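Notes follow the structure.
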Ligand SMILES: NC(=O)C1=CN([C@@H]2O[C@H](COP(=O)(O)OP(=O)(O)OC[C@H]3O[C@@H](n4cnc5c(N)ncnc54)[C@H](OP(=O)(O)O)[C@@H]3O)[C@@H](O)[C@H]2O)C=CC1
Ligand SMILES: CC(=O)N[C@@H](CCC(=O)OP(=O)(O)O)C(=O)O
């Protein structure tokens, strides 16, 4: 039987991108509310309860409320917000992050979609903690830049409409200056770290794309080398086509990495940059914040959940 899918928040940044990806699909019945009905709780409740799978593209509190509105209906959820990323009873929706994760998503009742920075950071860290190359007490630092669509409708308007009172004129800015970004808990938990990683995010004046940098000192890493790190990535990501591990000689031939290189795709590239003597490594993940970092991952999770 054709499964029905409802995107709650379909007129927002993430929701719209998911709706675009699902338009024209004949294997699902897409339930939809008009823009002016997006906050009509009676209609939302009916759709949340009728759907086989509901994809939540809402602020955290509204996502928690949506789950409560469908209680007892059997609806399966994919939540794009931060609300359930370290919550019990929710499967983390990053199929390539752990052996067996894909199967867990296929059978899950509730899936939490990862954050965009988290997707890049966990992709770089988890293979190394699993392989024993990165000690779990390593003090990890994550420096990242995102396209401004990562801030949703409000930041898009601030960056694009110079006439607004709260317009942002900068070409590039740092934020989360108190070092308590909302992605830190999921990165710590899903990478298997003991210490909170330090996450310093930035936004650039480009719509979509993201680089996540993790600098590492190899002498503090259980004897890791650039080759063992590359090999750990290559074996972790073997047999799938979403995460590409760039060959070290191809990385060495680059003079720069463009944060927009993956814009418009649902894939991610990983680079192992290194000093000649191998003493210092900079791991880089390159992705579209709205692709593998949000809507692309949500559709990937939906397709897995539709398998049962
Ligand atoms: N943008 C991104 O790159 C990413 C965002 N996310 C997460 O996805 C979620 C949505 O983010 P994003 O798409 O950027 O946000 P937007 O602000 O662009 O869109 C949110 C949508 O939800 C609607 N909405 C808000 N509150 C309610 C409510 N109580 N009931 C019904 N609808 C409501 C909004 O309507 P209205 O216009 O009336 O406010 C809007 O249409 C957030 O939790 C965010 O953290 C996840 C990954 C990446
Ligand atoms: C540029 C920007 O503001 N980005 C957002 C994160 C977007 C994202 O992917 O995170 P969520 O899935 O947790 O919303 C932020 O830092 O809050």
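The values are calculated or read from the model by the stated rules, or taken from the named source; none is laboratory data. Predicted model, so just to flag it, every value in this text is computed and none were measured. All Cβ positions, even for glycine, are placed from backbone atoms using ideal geometry, and neighbour counts span all protein chains on display.
In the set (1) within 16 Å of ligand 2 (Cβ to nearest atom); (2) modelled with pLDDT of 95 or more, residue 13 fails one condition alone, (2).
Suppose we filter 31, 69 for residues that are away from ligand 2 (no atom under 16 Å from the Cβ), outside the structural domain of residue 235 (by TED's automatic domain parsing), in contact with a strand residue (DSSP E or B) (Cβ under 6 Å, 6 or more places away or on another chain) and over 13 Å from residue 298 (Cβ atoms); which single one remains?
Details: 69 fails: in contact with a strand residue (DSSP E or B) (Cβ under 6 Å, 6 or more places away or on another chain).
Just a single option satisfies the conditions, and that option is 31.
Counting only helices (runs of 4 or more DSSP H) that sit wholly inside the stretch 39-129, those with at least 3 residues that are within 15 Å of ligand 1 (Cβ to nearest atom) are 41-50, 60-69. Out of 53, 106, one residue alone is more than 16 Å from ligand 2 (Cβ to nearest atom) and either out of contact with any helix residue (DSSP H, G or I) (no Cβ under 7 Å at 6 or more places or on another chain) or under 27 Å from residue 239 (Cα atoms) (or both). It is 106. Could you look through the stretch 136-169, keep only residues that are surrounded by 15 or more Cβ atoms within 10 Å (Cβ to Cβ) and assigned to a loop (DSSP other than H, G, I, E, B), and pick out the one that is nearest to ligand 1 (Cβ to nearest atom)? It comes out as 168.
Restricting the stretch 203-220 to residues that are surrounded by fewer than 20 Cβ atoms within 10 Å (Cβ to Cβ) and assigned to a loop (DSSP other than H, G, I, E, B) leaves a set whose member that is nearest to the chain's Cα centre (by Cα) is 207.
Residue count for the stretch 170-186 under the criterion of being in a loop (DSSP other than H, G, I, E, B), within 14 Å of ligand 2 (Cβ to nearest atom) and on the phi < 0 side of the Ramachandran plot: the result is 8. The strands (runs of 3 or more DSSP E) falling completely within the stretch 221-308 that include 2 or more residues that are buried (at least 24 other Cβ atoms within 10 Å of the Cβ), within 16 Å of ligand 2 (Cβ to nearest atom) and under 23 Å from the mean Cα position of the chain (by Cα) map to 280-287.
Test of understanding: among 122, 55, which residue is in contact (Cβ under 8 Å) with a residue 60 or more places away in the chain and more than 29 Å from residue 141 (Cα to Cα)? Spell out the reasoning first.
Values: 122 fails: more than 29 Å from residue 141 (Cα to Cα).
From the options 122, 55, the qualifying one is 55.
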